[in-house]
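Reviewing the structure listed below.
The values are calculated or read from the model by the stated rules, or taken from the named source; none is laboratory data. This structure is a prediction, so every number in the text was calculated from the model and none was measured. Every residue, glycine among them, receives a Cβ derived from its backbone with ideal geometry; neighbour counts consider all protein chains shown. SASA here: full protein model, heavy atoms, side chains in, ligands and nucleic acids out. Shrake-Rupley method; radii C 1.70, N 1.55, O 1.52, S 1.80 Å.
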Amino acid sequence: MRNAVVIPVSGEHSLVIASDNSGSIGMKENDAVRVPYETVGYFSFRVAVMELMATGAFPLSVVIHNFCGDEAWGGLVSGVKKGLAEAKVENVEITGSTESNFPLSQSAVGINVIGLARKPVLQDDLPPLNGWRVVLVGLPLVGMDVIEKAEYVAPLSLFKEIASLEDVYVWPVGSKGVLHELKRIIPHIDEGTIDLGIDLHSSGGPSTSFLAIYPEEKHPFVTQLLQVTGTCHRFVI
């Protein structure tokens, strides 16, 4: 299944929990990637909420685990709020905790997103994919490339829109790369048949790209949506 925990809570609904961690990314002297904490909060939230929405859940609460110090808290919250606004999600409670007793030499953040789904979509729920299409939306980026090549980052708003389409499934690309995620969807896919002009093993960083899987009859609509938004995309199948 995807990187989310699904807990049935009633006959109709399930609680869904997704998370993300980041380390050595922030404003501390020893950080490997120096960016504002708003950026850290946004991209960490982005990963977790994409995993959550990929199951069909909508977020209810965000929990921030802050090991960067008190001064980072406001930026982290601002980053989460930026992501919520982009996804057009309201009435989400933000809470968390800061380690303020012992300072760390590098930044570290963990984010949990808790949501609710009526019928979560899991890996085993995917239909037989004969005659289906797969498209990579955005490009896998990591480190400073996430900032310097922002035009190749798939918009969170577009991810939500595609995820809400009937008979369309979305799959965020994580740190193990595009090929790893493709093999989770299509276990026997032949790597030699995939030519996207990118390193299929390269880390997807903070889910800067995602795979969308849809039936052939949806192809004109999905293609038009991608062209209208001007989002970088490459068809796999």
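Helix-only mean residue ellipticity at 222 nm, the chain, DSSP H runs n ≥ 4 weighted -39,500 (n - 2.57), per residue, nearest 500. What is it?
My calculation for the chain gives -8000 deg cm²/dmol from helical runs alone.
In nm, to one decimal, how far is the Q224 label point from the L60 one, both placed 7 Å along Cα→Cβ?
Distance between the two pseudo-spin positions: 3.7 nm.
So, in nm, how far is label E217 from label E90 when the simple model puts each one 7 Å beyond its Cα toward the Cβ?
About 3.5 nm separates the two model spin labels.
Report the local net charge at G41: Lys and Arg +1, Asp and Glu -1, summed over other residues whose C-beta lies under 12 Å from its C-beta.
Net of charged neighbours comes to +1.
With the other protein chains left in place, how much accessible area per residue, in square angstrom, belongs to the chain at a 1.4 angstrom probe?
Values: 11470 Å² over 237 residues.
Counting only protein heavy atoms, the per-residue value for the chain is 48 Å².
Quick check on packing: order 97-110, 76-89 by the mean number of other C-beta atoms within 10 Å, highest mean leading. Could the numbers behind the result be given before it?
Details: 97-110: 14.2, 76-89: 19.6.
Listed from highest to lowest mean packing, they are 76-89, 97-110.
Among the listed pairs K28/K82; K28/K119; K149/K183, give every one whose C-alpha distance is greater than 31 Å.
K28/K119
Y152: net charge of surrounding residues, Cβ under 15 Å, Lys/Arg +1, Asp/Glu -1, itself excluded?
Computed value for this residue: -1.
Just the number, please: carbon plus sulfur as a percent of the accessible area of the chain, 1.4 Å probe, no ligands or DNA/RNA counted.
The nonpolar share, carbon plus sulfur, comes to 51 percent.
How much FRET efficiency would the formula 1/(1 + (r/R0)^6) give for N101 and H13, where r is the Cβ-Cβ distance and R0 is 45 Å, rounded to 0.05?
0.70
How would you order 47-55, 201-209 from highest to lowest mean count of nearby Cβ atoms within 10 Å?
47-55, 201-209
Would you work out if the range 1-157 is rounded, prolate or oblate? Take a ≥ b ≥ c from the square roots of the eigenvalues of the alpha-carbon gyration tensor; rounded if a/c is under 1.5, else prolate when a/b is larger than b/c, oblate otherwise.
Since a/c reaches 1.5 but b/c is at least a/b, the shape of the range 1-157 is classed as oblate.
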